[in-house]
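Student: Structure provided below as structure tokens; questions to follow.
The values are calculated or read from the model by the stated rules, or taken from the named source; none is laboratory data. The structure displayed is predicted, hence computed values, not measured ones. For neighbour counting, all protein chains shown are included, and Cβ atoms are generated from backbone atoms with ideal geometry for every residue, glycine included. Surface accessibility is based on the protein's heavy atoms, side chains included, excluding ligands, DNA and RNA. Shrake-Rupley method; radii C 1.70, N 1.55, O 1.52, S 1.80 Å.
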Amino acid sequence: MWLTVAFICVALLALVLKYVFTSPGLNPFEVDSRQALKPMVLNRKEKNKVLKQGFLASRVPEDLDAIVVGSGIGGLALAALLAKVGKKVLVLEQHDRAGGCCHTFTEQGFEFDVGIHYIGEMQSHKPYRCILDQITEGQLQWEPLENPFDHVVLGPPENRRCYPIYSGRTRFPEELKKCFPGEEKAIDQYMRLVKTTARSVWHMVLLKIFPAPLAKLLVYSGLLKSLSPFYKMAPHSLTEIVSELTENKDLRAVFSYCFGTYGNMPKESSFSMHSLLVNHYLNGAWYPKGGASEIAYHIIPVIEKAGGAVLVRAPVNRILFNDSKEACGVSVMKNQEEIHIRAPMVISNAGIFNTYQKLLPKELQATPAIQTQLSMMKHGDGGLSIFVGLNGTKEELSLKANNYWIFRENNLDELVENYTNAGREEASRNLPILFVASPSAKDPTWEERSPGKSTLSLVSFASYKWFEEWKDDKVTNRASEYKELKEAFIESALEVVLDVFPKVTRDKIEYIDAGTPITNTHYIAAPKGEIYGADHGLERFRPELGAILRPQTPLKNLYLTGQDVFVCGFAGALTGALTCASTILKRNLHLDAVALAKRTNYVDSKLKQE
């Protein structure tokens, strides 16, 4: 018996090693494609020539290798990775500019980003930085935030406590210990759990790129749960873990504060998901120099260089299938006319719900494999974004390159639960959480582009159902009741900002408006106004779902990329793209990216020495 078990284990190990280290497919990271840094293009009209190329049938390249639906980072990065191995890819975007949540918009002379607030792991020669360097040919630059990069603010004005969050794997816990004397043991235990759990996230990646039978064997045999710290911790909520570590309610809140970056209250959050975010920022936080639109602006030329294109105002209304039920193209609506575009594969960055429930024919939606995946997922919470344009420089307004997470008190679960269960009028007066950042203060090119001006981005959550009755109104002219509700949320958030930032006064405000969940539905095609894709609660991190929800869908030649394949956020969507490209090219590109990062680090170090 033991001989049989040993044989099975050896055979399984051989299979795992084969798929981890044997890579026969094309490698987009084979050579370092960084080029000498070119002067930044700060002129908005020049950038729009790249970002706003409207759809016309005559602009569709011939002999396409792939079509990507959606131009968020998950779609653009996937297209660029394929382009780097010579594939001709067409990216189609329903909005009037490319970028998805990386796009920017301008109102009354103020430029606002909609989804990029800060990114971790952007130090030179780290894998994420290496991937972005390669798909932008080294043209995308990153500016570090200040240290501390986050501030956690707890309590009402008369009893407000502020805790700075520092980057640095040793400084982060050291500074926390200064704030919470006597809690050294709890802080050390927390750090050990975060690091151990986050470092084994590669097990989740392997589930996505292994052949499905091997992935299921690892899951249903129990091997994965017994060997992986990530999946061992996945069923445990954030509240459960931090409550075991300390009785100090402020420290529990500080341990948990960044749950807003994935959208689930602590008692519904997987500690594994939370560990990824904490670990992601341990080495610091960065912002794209020149603003969030720089991301798409520098990726698109790489796609075009291989003969592909990125076209906007191109709403895909359905995916086309042949008689064998294989994806073979898409249909784009243009002036009430369907235009069919053919390609041997279709990759959707539109999210699992849009892809399966809106873009598939009814008979394919109903297939058991598709319904199984849908039954294991649910919509994430809706997002509320408030955009503020200010008269004054960052120095005059005391705005810095950092972020504030502001909570009404330290009982985070209770605050969020009461808010989400409230009626909309009551909720508008009681925001439990508010993220505040100044994109203009983070971008060193801002003063040159918009002298004497500043911006604030305020982010919270809001239920889709509070706004749903106005979803069919014209987006620029919704009902007066909608506008009144939106104003109530704005005023509630503004009161907090004016209190925490005393140099920001009402007379400095030149522009203010909000994007609600139905705004998100219109501009980024989020079905329920969610900003992080599918829900990131405890169920999302079951290994059974990890093995089933993968880039290759149950339908031949149809793939998924982006946040719903992996996890939410910029880095999560980028990993989703890399995982999807690994599946398509039959090669472990995660290892290739790490190898190139090490290689370029060595070469660059030698050049510096010379």
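Student: Full-extension gain between R199 and A488, please, as 0.36 nm times their residue separation minus the C-alpha to C-alpha distance.
Tutor: 99.8 nm
Student: In nm, give the distance between the simple-model label positions of L374 and E469, each being 7 Å from the Cα along the Cα-to-Cβ direction.
Tutor: So the label points at L374 and E469 sit 2.8 nm apart.
Student: Further question on the same structure: Can you tell me how the stretch 28-91 classifies by the Cα gyration tensor, rounded, prolate or oblate, using a/c under 1.5 as the rounded cut?
Tutor: Here the stretch 28-91 falls in the oblate category.
Student: Sticking with this one: Given K126/K394; K195/K289; K267/K378; K38/K453; K334/K483, which pairs have Cα atoms separated by over 20 Å?
Tutor: Over 20 Å Cα-Cα: K126/K394; K195/K289; K38/K453; K334/K483.
Student: Tally up the carbon and sulfur contribution to the accessible surface of the stretch 478-610 as a whole percent, 1.4 Å probe, everything protein left in place.
Tutor: 52 percent
Student: For the stretch 580-585, take each phi angle, set θ = phi - 60°, evaluate the Karplus expression 6.51 cos²θ - 1.76 cosθ + 1.60, and give the result in whole Hz per residue in order, putting x for glycine and proline.
Tutor: For the stretch 580-585, the Karplus-derived couplings read 5, 5, 4, 5, 5, 8 Hz, x marking Gly and Pro.
Student: Same structure again: For E62, what charge total do you get from the other residues with a beta carbon under 15 Å from its beta carbon, if Lys and Arg give +1 and Asp and Glu give -1?
Tutor: So the environment of E62 carries a net charge of +1.
Student: In square nanometres, what is one fourth of the surface area of the convex hull spanned by the alpha carbons of the stretch 412-463?
Tutor: The Cα convex hull of the stretch 412-463, projected and averaged over all directions, gives 4.8 nm².
Student: As an exercise, identify the GluC sites (Glu not before Pro) in the stretch 321-401 lying in DSSP coil whose Cβ has no more than 16 other Cβ atoms within 10 Å.
Tutor: Of the GluC sites (Glu not before Pro), the ones in loops of the stretch 321-401 whose Cβ has at most 16 other Cβ atoms within 10 Å are E326.
Student: Please say if the stretch 368-506 is rounded, prolate or oblate, where rounded means a/c under 1.5 for a ≥ b ≥ c the square roots of the C-alpha gyration tensor eigenvalues, and otherwise the choice is prolate for a/b larger than b/c and oblate otherwise?
Tutor: Here the stretch 368-506 falls in the prolate category.
Student: Turning to a different aspect of this structure: Find which of S450, A547, S243 sits farthest along the positive direction of the dipole of the chain, computed with +1 on the beta-carbon of Lys and Arg, -1 on that of Asp and Glu, about the Cα centre.
Tutor: It is A547, whose Cα lies furthest towards the positive end.
Student: Rounded to the nearest 5, what % of the DSSP beta bridges within the chain are antiparallel ones?
Tutor: For the chain, the DSSP antiparallel bridge percentage is about 75.
Student: Still on this structure: Quick check: with the 1.4 Å probe, what order do D63, D592, D150 take by accessible area, largest first?
Tutor: Order by accessible area, largest first: D63, D592, D150.
Student: Using a basic spin-label model with each label point 7 Å from the Cα along Cα→Cβ, how many nm lie between Y220 and R161?
Tutor: 4.9 nm
Student: Express the accessible area of the stretch 465-521 per residue in Å², computed with a 1.4 Å probe while the remaining protein chains stay in the model.
Tutor: The answer is 52 Å² per residue.
Student: To continue, here is another question. Counting only protein heavy atoms and using a 1.4 Å probe, what share of the accessible area of the stretch 72-206 belongs to carbon plus sulfur, as a whole percent?
Tutor: Summing carbon and sulfur atoms, their accessible area is 47 percent of the total for the stretch 72-206.
Student: Taking a spot 7 Å from the Cα of D63 along the direction of its beta carbon, which residues of the stretch 298-324 have an amide N less than 16 Å from it?
Tutor: Answer for this model: 305-309.
Student: Would you mind working out the accessible area per residue for the stretch 53-116, using a 1.4 Å probe, and quoting it in Å²?
Tutor: For the stretch 53-116, the per-residue accessible area is 30 Å².
Student: How large is the dipole of the stretch 119-192 about the Cα centre if only Lys and Arg carry +1 and Asp and Glu carry -1, each at its Cβ, rounded to the nearest 20 debye?
Tutor: So the dipole magnitude of the stretch 119-192 works out to roughly 280 debye.
Student: Still on this model: In Å², what does the accessible area per residue of the stretch 243-343 work out to with a 1.4 Å probe?
Tutor: 34 Å²
Student: Over the stretch 184-331, what is the mean sequence separation of C-alpha contacts under 8 Å (at least six apart), divided by residue count, expressed as relative contact order in percent?
Tutor: 20 percent
Student: Right, here's the next one. Can you give the net charge of the other residues whose Cβ lies under 9 Å from the Cβ of Y231, counting K and R as +1 and D and E as -1?
Tutor: +3
Student: Let me ask something else. Taking 22 Å as R0, compute the FRET efficiency from the Cβ-Cβ separation of R342 and E304 and round it to 0.05.
Tutor: Once rounded, the FRET efficiency stands at 0.65.
Student: Please report the net charge: other residues with Cβ closer than 15 Å to the Cβ of G380, K and R +1, D and E -1.
Tutor: -2
Student: Another question about this same structure. Keeping the other protein chains in place, figure out the carbon and sulfur percent of the accessible area of the stretch 393-457, with a 1.4 Å probe.
Tutor: The nonpolar share, carbon plus sulfur, comes to 44 percent.
Student: Sticking with this one: When the Cα centres of the stretch 87-136 and the stretch 496-553 are compared, how far apart do they sit, in Å?
Tutor: For the stretch 87-136 versus the stretch 496-553, the Cα centre distance is 16 Å.
Student: Report the calculated FRET efficiency for E448 and N418 (r = Cβ-Cβ distance, R0 = 41 Å), to the nearest 0.05.
Tutor: After rounding, the FRET efficiency stands at 0.35.
Student: Would you please classify the overall shape of the stretch 298-418 from the alpha carbon gyration tensor, given that a ≥ b ≥ c denote the square roots of the eigenvalues, rounded means a/c under 1.5, and beyond that prolate means a/b larger than b/c while oblate covers the rest?
Tutor: Taking the square roots of the gyration eigenvalues as a ≥ b ≥ c, the stretch 298-418 is oblate.
Student: Moving on. Please give the Cα centre distance for the stretch 154-190 versus the stretch 317-378, rounded to the nearest Å.
Tutor: Cα centroid of the stretch 154-190 versus Cα centroid of the stretch 317-378: 48 Å apart.
Student: Sticking with the crude label model, points 7 Å out along Cα→Cβ, report the distance from R169 to E107 in nm, one decimal please.
Tutor: The two pseudo-label positions are separated by 4.3 nm.
Student: Can you list, bin by bin at 5 Å, the percent of alpha carbon pairs in the stretch 128-172, starting at 0?
Tutor: For the stretch 128-172, the pair-distance distribution reads 5, 17, 14, 12, 14, 14, 9, 6, 5, 3, 0.
Student: What is the gain in length, in nm to one decimal, between A595 and E425 on full extension, counting 0.36 nm per residue of separation less the C-alpha to C-alpha distance?
Tutor: Contour length minus the Cα-Cα distance gives 55.8 nm.
Student: Give, to the nearest whole percent, the P(r) tail of the chain beyond 43 angstrom, counting all Cα pairs.
Tutor: So the portion of pairs separated by more than 43 Å is 18 percent.
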